[in-house]
Structures are given as structure tokens and as C-alpha cells.
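Here the structure is laid out as C-alpha cells; the discussion comes afterwards.
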Amino acid sequence: MAHRIEGHILTPAGFVAGALAFDGGRISSLRGELVTDERSVREGSRPIVLPGFVDLHVHGGGGHDVMDGAEAAQAVARCHAAHGTTAMLATTLTAPIDEVRAALAALGPLVREGATRARGAARWLGIHLEGPYLNPQRLGAQPAFARRATLHEVLALHAAAPIRVITLAPEVEGHLPLIGALRDAGFRVQIGHSNGSYEEGLAALEAGAAGFTHVFNAMSGLHQRQPGMVGAALAHARHAELIADLVTVHPGAARVALRAIPGLYCVSDATAAAGMPDGEYHLGHGPHAQRVHKCLGAVRLADGTLAGSTLTLDQALRNLVQLGLGLAEASRRLSTVACEYLGLTDRGRLAVGMHADCAVFDRDLNLAGVWVEGEAVAAAASPSGTAAAATGAATPVIAAGPAPADRRR
């Protein structure tokens with residue numbers, strides 16, 4: 001059965017006032033009149049339809065951590081789908097290498113291309129291997145099991161579960177010459193958890209590193225005579241992650257990164273505490289998991305160290321708009337840029353032939369409905385309002401029936 005969503009729809013050409021239809025999980029038509037003034041989108045009464053969010057750095061959510069295995073990962077995917085995220089990378093934590101292997105073996109069936117997606121869950125796109133190839137001096141909240149990477153070890157892990165992104169510290173002995181080999185093997189290497197110098201950051205980019213992991217966080221900072229990894233990112237990066245919770249990175253620093261890095265995309269770095277009340281949670285798995293505490297919108301170790309975040313990307317959208325970004329630009333930083341970075345051509349945009357991944361908002365940017373590959377998912381309540389359940393005909397902005405004519409612009 002075909003379904004239709006009506007409202008102000010963000011397309012690659014801009015917002016249109018019209019309708020999109022989808023059948024079989026793909027957008028079959030999209031028609032409407034181009035809106036030339038974005039202010040009218042926020043000021044009008046029509047629902048706002050954006051591409052579903054794509055999060056390339058997710059550890060957990062809903063009380064679960066992806067290192068805990070397949071069942072936990074499915075719960076994480078359901079938690080974030082309810083907040084408008086429709087595709088994600090399962091992100092590991094530094095741990096003994098046998099525990100990393102076991103986690104990837106459990107995640108492999110969920111994240112391989114063509115894997116069955118659980119009902120009500122976001123699509124897992126693969127693995128972001130954030131640990132264990134980090135600098136022991138810049139672990140942040142990661143447990144103290146950092147180790148040097150080898151191509152053989154990475155390829156063995158990749159055989160267990162497809163790795164899309166690898167974070168490593170380029171100044172660690174043996175890592176700089178490894179970057180090119182990892183790039184040639186198809187991985188996107190990101191600089192992160194690094195105590196390296198500006199010059200070492202530049203050398204890593206020249207060797208083939210593609211971006212920076214959570215820019216500003218867990219890396220050598222910017223000083224006018226020692227620019228550090230932050231300086232290398234701001235001066236030279238094409239792509240980088242930004243945790244857009246306005247806690248992990250100060251709003252002023254976030255504005256700097258948004259101006260300096262053209263392919264900056266926003267991630268949650270979400271932990272098990274995301275979507276949960278204040279309290280104690282875990283980061284990682286088993287006896288080596290970190291105990292973390294959620295309070296006042298942040299998650300920290302007992303010593304006060306920030307330990308990931310509690311962010312969901314519907315809140316990241318509101319935060320980016322609060323920083324002064326237009327709605328279309330904020331959406332681009334939460335969907336399109338991440339897909340471009342991974343080389344995905346069928347997600348992150350609303351256009352004919354794309355996956356029917358949609359997040360529907362009201363004028364106050366409260367989430368009102370979510371569709372993942374054409375499946376309606378119940379939306380979580382937003383801070384300033386109650387979400388409408390995206391269940392088909394009962395939702396006023398979504399209707400089932402004949403698809404409108406395919407009028408491609």
C-alpha cells in the first residue's frame with residue numbers, strides 16, 4: 001500500500017509545499033511548489049518533513065550499549081529511531097581485544113549489508129571502531145586498553161562485522177604509515193583520541209585520513225604557538241564530527257567548527273543514558289565497562305570526566321537552530337553530509353528513489369512522526385510537546401492511499 005506525507009518537505013532543491021509518496025520502502029514521488037523563504041516554513045501551520053537523521057557515532061541508548069551484543073544493539077536502534085534517527089554506525093569502546101572481537105562477532109549479523117532490520121529500529125550501516133587504537137594519554141572516558149593497530153588485526157575484525165570508520169591516534173608508533181593502507185582497504189580513517197601535534201595531524205591528513213572524531217574532544221587543543229590537533233582540524237579538515245549537545249562543546253566553539261570545516265557533520269556520541277532519566281548507567285561491556293552518571297543533560301565518570309553524551313539527534317536539530325543555522329542547513333549537517341562522507345547515495349535526502357526515511361516536526365520542532373525505510377515508528381515526546389504516534393491514517397499529516405503522480409522537478 002502506498003503512503004503519503006504532506007507538509008513542507010525538504011528536498012535537495014529546498015523546501016517544497018506538497019506531498020511525497022512511498023511504497024516498498026522507497027520514495028515513489030515527490031511534488032509541490034518550491035518555498036523561496038525558509039521563514040515561512042517555521043511560521044506556517046504545515047508539518048515540516050526532513051530526511052531521517054544519520055548518526056555515525058552511537059555507543060548506546062535506552063539503557064543499552066552496543067558492546068553488550070545483538071539484543072542490546074536492537075534496543076539502541078529502537079531508542080534512536082524514536083528520536084528521528086533512521087541509520088547509524090554501531091560504535092565500539094576501547095576494551096581488551098578479545099572483547100572487541102566478541103562484540104563485533106555479535107553485531108555482524110545486524111550490520112552487514114542486506115541484514116534484516118528489526119521492526120521499529122534504525123538501520124545499522126556498519127561499525128565505527130572508535131577503540132582500541134587510541135593514545136593512552138587521551139582516552140577520555142575510554143578504559144585503559146589502548147593498543148597499536150595492525151592491518152592484519154583490522155582486517156580480521158572487519159571480517160566479523162563490516163567496519164566503515166576507524167578512529168586512531170596518528171602519533172602512536174606505526175599508525176602514520178598504516179593510514180594509507182587502511183584507506184586503500186576501503187576504511188575511512190579518523191583522527192581522534194590523539195595527543196599529536198598540528199604537524200602530525202597535517203601529516204595524517206596527507207597520508208589519507210578522512211576526518212576527525214568528535215572535534216575538540218579528547219585531542220590536543222588550540223594554542224597560538226602550538227595549534228595541536230584542534231588547529232589541524234580547523235585549518236585543514238574537509239570532514240569532522242561535532243557532538244551537538246552544547247555541553248560537550250561550547251556553543252562558541254561549535255560555531256567556530258561550523259564556519260571552518262565545510263563537511264562538518266553532527267553526531268550524538270550517545271551512551272546507554274540517552275533517552276533515559278538521570279541515574280547510573282554503563283559504557284562498554286562486562287567487567288571493564290565504565291560506570292557513568294547522567295545528570296543535568298550530561299554523562300560523566302565519577303571524577304567528573306565527560307563520558308560521551310545523552311544526546312539524541314532531534315535535540316541536536318533544535319540545538320543547531322538555536323546556534324543560528326537555518327533549518328535546511330541544520331538538517332544537512334544531521335543527514336546529508338554524513339551520507340556523503342560514507343559514500344551513500346540512497347539516504348540522507350528526500351527525493352524519488354531514496355529510502356523513505358523521514359522525520360516529521362511541528363513548527364516548534366517537536367518530533368511528530370518517524371518513518372524508517374517506509375515503516376512508521378512511534379516518535380518519542382519532545383521537551384516542549386507531546387509527539388504524535390506515526391501509525392498511518394491516525395496521524396493527521398500521513399495518509400494511506402493512491403500515490404500522487406510522479407512529477408520530478
- Summed residue charge, Cβ within 10 Å of Leu325's Cβ, Lys/Arg positive, Asp/Glu negative: +2
- Item | Full-extension gain in nm, Leu323 to Glu113, via 0.36 nm per residue minus C-alpha separation | 72.0 nm
- Message: Just want the ordering: Cys358, Cys339, from fewest to most Cβ atoms lying within 10 Å of their own Cβ.
- Response: Cys339, Cys358
- Item | Distance from the stretch 242-315 to the stretch 164-199 (C-alpha centre basis), Å | 23
- Message: Can you compute the helix-only [θ] at 222 nm over the chain? Use -39500 (n - 2.57) per DSSP H run of at least 4 residues, normalise by all residues, nearest 500 deg cm²/dmol.
- Response: -7500 deg cm²/dmol
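Which shape class, rounded, prolate or oblate, goes with the stretch 117-260 when its Cα gyration tensor gives a ≥ b ≥ c as root eigenvalues, a/c under 1.5 marks rounded, and past that a/b bigger than b/c marks prolate?
In terms of gyration-tensor shape, oblate.
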- Projecting the Cα atoms of Ile179, Ala81, Ala209 onto the charge dipole of the chain, where Lys and Arg contribute +1 and Asp and Glu -1 at Cβ, the residue farthest towards the positive end is Ala81
- proj_area_mean for the stretch 321-385 (convex hull on C-alpha atoms), units nm², value 5.1
- Item | Fewest-first ranking of Thr85, Thr312, Thr345, Thr36, using other Cβ atoms within 10 Å as the exposure measure | Thr36, Thr345, Thr312, Thr85
- Item | Dipole magnitude of the stretch 53-341, debye to nearest 20 (Cβ charges: Lys/Arg +1, Asp/Glu -1, about Cα centre) | 520
- Could you please report the charge total around Gly69, scoring K, R as +1 and D, E as -1 over all other residues with beta-carbon less than 14 angstrom from its beta-carbon? -3
- Message: Quick one: the Cα spread of the stretch 211-326 along its three principal axes, in angstroms, biggest first?
- Response: 39, 33, 20
- Query: In the neighborhood of His8, defined by Cβ-to-Cβ distances under 13 Å, what is the net charge if each Lys or Arg adds +1 and each Asp or Glu adds -1?
  - Reply: -2
- Query: In which sequence would Ile191, Ile5 go, from the one with the fewest C-beta neighbours within 10 Å to the one with the most?
  - Reply: Ile5, Ile191
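Here, each number is a calculation from the coordinates, and none is a lab measurement. As the structure is a prediction and not an experimental result, all values here were calculated from the model. Heads up, the Cβs are rebuilt from the backbone with ideal geometry, glycines too, and the neighbour counts pull from every protein chain shown.
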